[in-house]
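Quick notes on the structure that follows.
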Amino acid sequence: MARLLALVLMVALALPARAQDAFLDALAGLGGGFGAQAEAADRLGSLGDPRAIAPMRALSDGRLLRRADGTLVIRTDSGGIEAATGAPADAAGAETVRINNRVRVALRGALGKLQLVSPDAAERLAAAEAVFRSRSAENVPLLDAALARETQPRIRERMELALAASRIVATDPAQKRAGIATLGASSSPEARAILLEARAQNAELLAEIEAAVAAIDRRLAVRRAAETFFQGLSLGSVLLLAALGLAVTFGVMGVINMAHGEFVMLGAYTTFLVQQALRDIPGLAPFALPLSVPAAFLVAGLAGLLMERGLIRHLYGRPLETLLLTFGVGMMIQQAVRLAFGAQNREVTSPPWMQGTLMLPFDIPVTANRLWILLFSLAFFLLIVAAIRFTRFGLEMRAVTQRRPIAAAMGIRTGRVDALTFAFGSGIAGIAGVALSQIDNVSPNLGTGYIIDSFLVVVFGGVGSLAGTLIASFGLGLVNKVLEPWAGAVLAKVFVLVAVMVFIQRRPRGLFPQKGRAAEA
Amino acid sequence: MSATALDTPPSRLRLGLRAGMIGAVCLLAAFPVLNQLPETHALHVSDFLVSVSGKWICYAILALSLDLAWGYAGILSLGHGAFFALGGYAMGMHLMRLIGPRGVYGHPVLPDFMVFLGYRELPWYWLGFDNVAFAMLMVLLVPGVLALVLGWLCFRSRITGVYLSIITQAMTYALMLAFFRNDMGFGGNNGFTDFKELLGMPLNTGAARAALFYASLVSLVVCYLLCRWMTATKYGRVLTAIRDAESRVRFLGYDVTRHKLFAFVASAMMAGLAGALYVPQVGIINPGEFSPGNSIEAVVWVAVGGRGTLVGAVLGAFSVNGLKTWLTSAAPDLWLFVLGGLFVAVTLFLPKGLIGLLQGRGK
């Protein structure tokens with residue numbers, strides 16, 4: 001506490017000497033009679049000098065002492081400090097200054113005003129909000145003084161709004177105009193409400209107020225649109241993550257994997273397990289999430305490999321049977337996880353750098369984890385495209401997809417490629433699970449919610465086209481979020497489902513149909 | 001009857017199955033009678049068994065309808081539960097209207113949930129449901145029209161196989177989301193319950209239960225005969241040909257879309273009927289009936305019994321549901337493993353289901 005006060009004093013010393021004198025003048029009054037004390041409190045309150053806060057608080061708490069020579073000392077736990085300078089002082093022999101109710105009321109009022117210049121940022125912000133709500137022309141000089149010393153942009157902004165709101169209720173038309181102009185330059189719904197309120201009382205300023213409201217409305221509309229856009233992108237990135245693995249197994253291999261959602265869920269549980277395992281290792285705990293990515297890829301990939309080798313390969317060319325089989329396997333995986341971990345949600349904590357909210361330009365609030373997931377999904381997409389395009393495995397995979405017998409004749413072991421491709425797609429689903437564990441509940445039925453959406457994305461984008469999957473997921477995400485405000489979340493989803501079904505009517509092979517002989521099969 | 005498999009001399013298996021079916025129907029028909037015997041009697045059938053087998057009969061109708069679509073027309077619908085639920089909702093609306101002023105709030109016309117949600121008057125789509133004939137018409141028409149629209153859109157643009165499956169699954173999923181909404185006017189997630197009477201019979205009496213049981217049993221027999229007739233005619237032969245080689249049948253000049261559409265709509269109507277019979281027996285209908293899991297469970301009944309055989313679907317519905325009823329009380333954790341395992345086992349080892357197993361024996 002003492003150190004904080006010293007800091008405040010150092011800041012205060014930089015003030016012009018005239019203000020210091022006024023402060024010292026008024027401060028002395030706190031040691032006088034009840035009348036003088038109340039008057040001094042009022043003066044200190046209007047001066048807007050943060051040095052006055054400590055002595056006035058001390059006075060109201062009964063910790064302000066007066067020496068025989070009239071100077072004031074603040075009693076602290078460790079001794080005392082000078083009320084005027086904040087230097088350490090000896091409180092011995094000084095007697096407590098007494099106050100009455102009148103002084104107490106005056107102190108409370110003065111301290112309330114001084115909160116605007118309090119050393120505590122949160123207190124200043126709260127005071128600015130309070131002044132903004134109370135809206136009285138009296139506060140204008142006080143706010144001016146506070147603004148002169150405020151350095152934090154966020155608090156300055158609130159104070160400016162409060163100042164403008166106070167100016168509007170002033171009697172001077174010039175002041176009013178200045179207030180209206182400031183409010184009109186902001187983009188807050190509260191400023192709009194204040195302007196609308198002022199419209200009724202200021203017929204002569206009608207045109208200016210209307211213009212200011214219109215300006216705010218424009219900015220608000222832009223912000224809303226930008227917010228919707230980001231939400232759409234965010235939903236799109238989730239869809240992309242969920243659908244990418246499917247785009248490989250279904251799109252490239254033509255295998256319907258209804259257990260895809262369960263592989264996503266396995267990835268999310270792997271994240272949980274890695275987090276639990278590394279929790280007590282101080283050096284590794286912060287890296288739990290990055291380490292979960294390869295772990296989830298391995299777990300889900302291995303599960304996929306086992307499923308392909310053990311079951312699916314017996315059913316190639318029989319898509320409906322594959323669908324039923326994989327559904328059954330998904331059901332068993334889900335129940336196994338439910339028995340092992342319980343049906344309730346497991347908590348996966350986000351690392352610090354993924355928490356909180358960021359402000360983009362135009363005041364668009366963006367949750368950090370959604371932004372990370374958006375970036376991650378795009379990077380991940382590029383990685384997969386590169387893997388399929390530039391690696392030996394990718395080349396073999398494309399060869400087998402396009403013309404299996406020729407690929408086999410060229411010496412490619414098609415069975416091995418099938419197994420690895422399926423494992424690859426399943427592993428991708430696992431990685432999607434890592435990302436989804438950050439924004440969704442990690443529970444055994446995590447995956448079921450994504451499976452239908454993922455299929456729609458893949459079918460809409462065009463089976464076998466990764467670019468189509470990208471465009472389809474962001475397209476569907478955006479459409480969904482644009483529809484949501486006026487249709488509600490559920491109906492928007494229903495609309496999108498119906499729209500995709502109608503779209504498939506027109507273009508049964510999706511946005512980006514595969515060309516060539518493989519497409520005819 | 002034109003050229004069908006039935007023209008060939010009936011095999012021993014076929015004769016055996018036919019005898020078994022007639023025997024099973026007679027046995028089921030005796031259930032409500034045996035239920036009247038004193039509890040100490042050796043042949044007494046418990047209330048539980050009567051009510052649970054009444055449910056199974058409804059499931060068997062659903063399985064039959066699915067077999068018509070999947071087994072004969074090759075349309076693997078993963079959304080047949082939606083038709084079942086729509087039939088159930090139509091019946092539920094009728095039952096809700098019959099409650100009249102006996103609801104908790106005592107409103108003369110509006111069902112309780114509407115009073116609760118602040119409705120002033122009945123929504124237009126509830127009009128007419130107080131009339132039993134109209135309600136029964138809707139039980140068939142609503143699923144039928146939905147199947148007509150969806151089927152027309154899909155079959156016309158030659159969406160087949162897994163694509164069609166996914167679309168039907170998306171349909172039932174979308175309907176589930178929609179019916180969970182309170183402002184749809186269908187009771188939100190609570191659905192309809194607290195039914196009082198049907199056709200003037202109070203529902204909580206043994207006589208009403210027996211009547212519903214017999215109605216379901218008769219419906220099952222009628223639906224079975226209908227399906228058998230449909231699949232045995234020339235129409236049925238074309239349908240089977242479409243299932244096996246759709247393009248070839250189209251090139252031969254048949255209107256594939258119309259053939260498939262007819263089977264799909266008939267199948268949806270049957271599923272709706274099953275739902276309508278089911279709801280008064282269980283006393284509740286809620287959006288959970290639309291969940292994709294229900295539809296896919298129905299698929300496994302057909303797969304276990306043996307698709308494309310009609311008898312198999314009925315057999316599958318009874319055996320899988322019997323297993324489910326037993327396991328969910330004996331070892332509830334195991335049921336989903338068993339159900340999942342059934343999917344795997346049937347697709348890998350028993351592609352023709354239980355009937356296929358019997359056929360193997362019969363040879």
Practice problem: Distance between Cα centroids, segment A:70-114 to segment B:215-293: provide it in whole Å. | Solution: 90
Practice problem: Please give the per residue volume of the convex hull enclosing the alpha carbon atoms of segment B:4-94, rounded to a whole number of Å³. | Solution: 153
Quiz prompt | Cα-based equivalent ellipsoid of segment A:379-521: semi-axis lengths in Å, sorted from largest, via gyration tensor | solution = 31, 20, 12
Self-check item: Top of B:GLN36, B:GLN169, B:GLN281 by mean-square fluctuation, Gaussian network on chain B, Cα under 10 Å
Solution: B:GLN36
Quiz item: Which cross-chain or sequence-distant (5 or more) residues have an amide H under 5 Å from the amide H of A:THR367, H modelled 1.01 Å from N in plane?
Solution: A:LEU358
Self-check item: Inter-centroid distance (Cα atoms) of segment B:125-188 relative to segment A:218-248, Å
Solution: 30
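Give the value in nm², to one decimal: projected area of the alpha carbon convex hull of segment B:131-276, averaged over all directions.
The orientation-averaged projected area of the Cα hull of segment B:131-276 comes to 10.7 nm².
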Quiz item: Give me the log10 of I(q) over I(0) for chain B at q = 0.08 Å⁻¹, as the Debye formula computes it from C-alpha points; what are the numbers?
Solution: -0.41
Self-check item: With eigenvalues of the C-alpha gyration tensor scaled by 5 and rooted, segment A:240-448, Å
Solution: 32, 21, 15
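Using only alpha-carbon positions, what ratio does the radius of gyration of segment A:67-187 give when scaled by 2.2 N^0.38 Å?
Numbers: Rg = 18.8 Å, N = 121, 2.2 N^0.38 = 13.6 Å.
Ratio of Cα Rg to 2.2 N^0.38 Å: 1.38.
Per residue Cα convex hull volume for segment A:134-209, in cubic angstrom? Intermediate values should be presented prior to the final figure.
Numbers: hull volume 6.4 nm³, N = 76.
Here the figure is 85 Å³ per residue.
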Exercise. Return the lysines within reach of B:LYS324: Cα separation strictly under 20 angstrom, same-chain partners fewer than 8 residues apart disregarded; answer none if there are no such residues.
Key: B:LYS55
Quiz item: What ranking, highest mean first, results for peptides B:120-133, B:49-62, A:473-486 when packing means the other Cβ atoms within 10 Å averaged over each residue?
Solution: B:49-62, A:473-486, B:120-133
Quiz item: At q = 0.13, 0.17, 0.20, 0.26 Å⁻¹, what base-10 log of I(q)/I(0) does the Debye formula yield for segment A:190-253 when every alpha carbon is treated as an equal point scatterer in vacuo?
Solution: -0.56, -0.70, -0.80, -0.99
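What's the FRET efficiency of B:ARG12 with A:GLU347 using the Cβ-Cβ distance as r and R₀ = 51 Å, to the nearest 0.05? Display every interim value, and only then the final one.
Working: r = 62 Å, r/R0 = 1.22.
Taking R0 as 51 Å, the efficiency between B:ARG12 and A:GLU347 is 0.25.
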Self-check item: Debye log10 I(q)/I(0) at q = 0.08 Å⁻¹ for the protein assembly as shown, Cα point scatterers
Solution: -0.87
Quiz item: So which lysines can A:LYS113 reach, going by Cα to Cα under 24 Å and dropping same-chain residues fewer than 8 places off?
Solution: A:LYS176
Practice problem: May I ask for the net charge around A:GLY267, where only other residues with Cβ less than 14 Å from the Cβ of A:GLY267 are counted and Lys, Arg are +1 while Asp, Glu are -1? | Solution: -1
Quiz prompt | Rounded to 10°, Cα long-axis angle of helix B:256-282 versus longest principal axis of chain B | solution = 40
Quiz item: Sequence-distant or interchain residues sharing an amide H contact under 5 Å with B:GLU197, placed H: which?
Solution: B:LEU203
Quiz item: Cα centroids of segment A:394-470 and segment A:313-363: how far apart, whole angstrom?
Solution: 15
Quiz prompt | Cα pair distances in segment B:142-219, grouped into 10 Å bins until the bin that holds the longest one, percent each | solution = 15, 26, 28, 24, 7, 0
Quiz item: Tell me, in nm to one decimal, what length is gained between A:LEU206 and A:PHE393 on full extension, where the rule is 0.36 nm per residue of separation less the Cα-Cα distance?
Solution: 60.2 nm
Exercise. Give the Cα extents of segment A:87-129 along the principal axes, in whole Å, largest first.
Key: 42, 29, 10
Practice problem: Convert each backbone phi in segment A:296-305 into a coupling constant with the Karplus relation 6.51 cos²θ - 1.76 cosθ + 1.60 (shift: θ = phi - 60°), then list the ³J(HN,Hα) values in order as whole Hz, x for Gly and Pro. | Solution: 5, 4, 5, 4, 5, x, 5, 4, x, 4
Quiz prompt | Calculated on alpha-carbon atoms, Rg and Dmax of chain A in Å | solution = 33.7, 108
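Just so you know, all these numbers are worked out from the coordinates, no wet-lab data involved. Predicted model only: the values in this text are computed from it and were never measured. Positions of Cβ are backbone-derived with ideal geometry, glycine not excepted, and every protein chain shown enters the neighbour counts.
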